[in-house]
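Worksheet for the structure shown next.
The values are calculated or read from the model by the stated rules, or taken from the named source; none is laboratory data. This one's a predicted model, so the numbers in the text were calculated from it and none came from an experiment. FYI the Cβ positions are ideal-geometry reconstructions off the backbone, even for glycines, and counts take in every protein chain you see. SASA here: full protein model, heavy atoms, side chains in, ligands and nucleic acids out. Shrake-Rupley method; radii C 1.70, N 1.55, O 1.52, S 1.80 Å.
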Amino acid sequence: MTRRLAAALLALAICLGLGSGSGLRAETTPGGESTSPGLDKYVSDYAAFSRPDVRVRIPASDPSVEIRNGRLETDFEGRTGVAVLSAAGGLDVTFDIPEQGLYAIRIDYHSRMGTGRNIPMDLAIDGQAPFEAARHLKLPKRWTNRTDPETGAFLTDRQGNELTPSQLESPGWQSLVLEDDEGYYLEPYGFFLQEGAHVLSLSFPDGDVAVEAVTIGNDPEPPSYADQLALWQAEGFREAGAGLRVLVEAERTLYHSDPVLHPVSDRSSAATSPSDAWRIVRNSFGGLSWQYKGQSAVWEIEAPEDGLYRLVFRSRQNYQRGVSTSRRILVDGAVPFREFGQVRFPFDNRWVVVSPEPLVALTKGRHEIRLEVVPSYPDTLRRLQNAIYELNRFYRQVIMITGVSSSGNALDEYRDYSLEREIPSYYERVRGMAEDLRTLRQSMETEGFRQGGEAGVIDLILRQLEDFDRDPASLPLRLKVFKDNISGAAAWILRLKEQPLELDTLGIAGPGAPLPNADAPFGQRVLYTVRSFLASFTRQYALLDNEFETGEALEVWVGLGRDQAQLIKRLVEDEFMPETGYKVNVNLVQQGLIPATLTGKGPDVALFVTPNEIVNLAARSALVPLSDFDGFEALRSRFQPQSVIPYTYLDKAYGVPVNESFPMLFYRKDVFGELA
């Protein structure tokens, strides 16, 4: 009975830990429906206005700043006059603008220890959000990897495999210019302000932030590389020595902006540093987790002498087929010249060495190199989105006439619908959409989109439109393919916004220094392949390192991947075992639960099990009902009542869901408006 009680306690504890995102209910926005326009409309409405060369910096200690639910600290983390805000805190900043135009907003803030997530912020000017995205801003915190406090190495299991490091908040001062985080615009937000007095309201629902100052104004444009190089040369900087090259491991970030950014393991190349054919090592950074606009990482590099250096990256971008992904490069907190505002990393299935041609001036000593995700093709994204919008409007008009059969084409494929007469300006619209796509495709080729990549769906739609122009009667017979291509293009927009990149090493080198090899020599590759082959017979990477013998500890089976199982194991060892005193072994087992349980070799607790398996085992009296234990009703209350039904047999609950999904109803107001 004691063992059963311990197993139930562990199951409840893990469910409580994993279920923190479950049971969320939709809430209406206070005040009713938003009246703020979308960002595209806002930008379009004020496109004619310039960005004046004006900057107004208002410290938090200024009398014009009203602090809500917070306090003014005279000395906070090395700075004076800082507004330290609690939950539901904020600032109301009154300021004057001398010239009408578009203005950026910069916030100097300190991310205090708090909720373990980035800081949500709402922005309003003169009592109203200028556009909808201003209601959902986020200020990133700084995060670091948890390492051994003595050696600085990543933690390992008893087999020597490096574990995915947990992420630790690293509070510090940051300065952020507010930008679009969707990838449609490269430049900062431009808030339209008329000449005169205004009130900027910043609200922080979670608090956890200290604000030193707010700046309303536009930073000077970085100079061109040619101008900046001439300035450095006038200051006495010369090319660094040909023998100088300093590389750092990309997985060793100084800090990064998101807890999902952590070291990853690459076993595909012997040249990846460090490499190990026998054990799992965390030897690269980024990948699919490092793809959203605004995500950034910072590394520290020590220059051996004053001079002009080239930056060097061993990288791999094998995620976005046929296109490049981009990063903004900052040196010691600033973009040194215009060309580093967007540096592209080309698609390649292999590791490559990327070294931008421009040089950077570094003095002897330590420097910070920051790479920040920026969109590669923001103009193309906006134009493509507008084109998809028009194509969808045209498709809806067609199906209002033809209807849609179960095959996806017109209801009557033998009928002549005379679409060229039924749809106003049919030929003009079809030719206009085709011309827009043709122009877009030409600009995409100029920007470097490869033939045969994912952009090929644009060519398919273009050819279809040309056919519909020549033969309108063919459109009802090809409706399904037409709609599928439009859907494919819309899905491609979402992927095109993503900017994944994986880094192995980065560094600096003299202009004449040899670049590192992208791949290992032939002999090293052969030796690495042989070792990996031999290791496959002796190393079982699916097994987790457990310190207790079978029979003396609770056995937990996890039916997910290794990383998820390792995370659960860490939660158990860090929280459950110290609090309860029970010993626990966590095992990665993805199949065979029912046969093992029926033969008496099953686990005490199983996680991520399907409802079918649970009911199957419960019907055979192979499970202990969780509903028989104290505390279960408190756990059940966190879920919708219906969500526990699939885990119930004969009025006894044998499990709870790890997460919940909810059917949602949404509708397009613009579509309803067209049909009204």
- line: Selection from region 250-302 of residues of a type in the set (A, V, I, L, M, F, W, C), farther than 18 Å from Arg117 by Cβ, at pLDDT below 95 and assigned to a loop (DSSP other than H, G, I, E, B) yields Ala270, Ala271, Ala277, Trp278, Ile280, Val281, Leu288
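Return yes when Arg366 is basic (Lys, Arg), open to solvent by 60 Å² or more (accessible area, probe 1.4 Å), in contact (Cβ under 8 Å) with a residue 24 or more places away in the chain and not in a strand (DSSP E or B) and no when it is not.
no
For every residue, the table says whether it meets (1) surrounded by 19 or more Cβ atoms within 10 Å (Cβ to Cβ); (2) under 26 Å from the mean Cα position of the chain (by Cα); (3) at pLDDT below 95; (4) hydroxyl-bearing (Ser, Thr, Tyr).
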residue	(1), (2), (3), (4)
Glu428	no, no, no, no
Met444	yes, yes, yes, no
Gly453	no, yes, yes, no
Val457	no, yes, yes, no
Leu496	yes, yes, yes, no
Leu503	yes, yes, no, no
message: Checking the structure you have, find out if any residue of region 235-245 is open to solvent by less than 20 Å² (accessible area, probe 1.4 Å) and outside any loop (DSSP other than H, G, I, E, B).
response: no
- prompt: Being under 15 Å from Asn161 (Cβ atoms) and either open to solvent by 90 Å² or more (accessible area, probe 1.4 Å) or under 29 Å from the mean Cα position of the chain (by Cα) (or both), is that true of even one residue in region 550-557?
  reply: no
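Could you tell me which residue of region 111-141 is modelled with the lowest pLDDT, considering only residues that are within 24 Å of Ser166 (Cβ to Cβ) and buried (at least 21 other Cβ atoms within 10 Å of the Cβ)?
The qualifying residue modelled with the lowest pLDDT is Ser111.
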query: Does region 627-640 contain at least one residue that is assigned to a helix (DSSP H, G or I) and open to solvent by 80 Å² or more (accessible area, probe 1.4 Å)?
result: yes
field: Residues (open to solvent by 80 Å² or more (accessible area, probe 1.4 Å) and either without any contact (Cβ under 8 Å) to a residue 60 or more places away in the chain or acidic (Asp, Glu) (or both)) located in region 61-98
entry: Pro63, Glu66, Arg71, Leu72, Thr74, Asp75, Glu77, Thr80, Asp96
field: Answer residue from region 254-276, given it is acidic (Asp, Glu) and under 29 Å from Phe533 (Cβ atoms) and is most open to solvent (accessible area, probe 1.4 Å) among those
entry: Asp276
query: Among the residues of region 56-75, which ones are over 12 Å from Asp108 (Cβ atoms) and assigned to a strand (DSSP E or B)?
result: Val56, Val65, Glu66, Ile67, Arg68, Asn69, Gly70, Arg71, Leu72, Glu73
statement: Among helices (runs of 4 or more DSSP H) entirely within region 447-566, at least 1 residues that are among the hydroxyl-bearing types (Ser, Thr, Tyr) occur in 479-497, 522-538
message: Gln524 - would you say it is under 30 Å from Ala361 (Cβ atoms) and among the polar types (S, T, N, Q)?
response: no
- prompt: What is the number of the single condition among (1) open to solvent by less than 70 Å² (accessible area, probe 1.4 Å); (2) modelled with pLDDT of 90 or more; (3) in contact with a Pro (Cβ under 9 Å, 6 or more places away or on another chain) that Ala434 does not meet?
  reply: (3)
- prompt: Hey, does region 582-597 have a residue that's touching a Pro at 6+ places or on another chain (Cβ under 6 Å) and at pLDDT below 90?
  reply: no
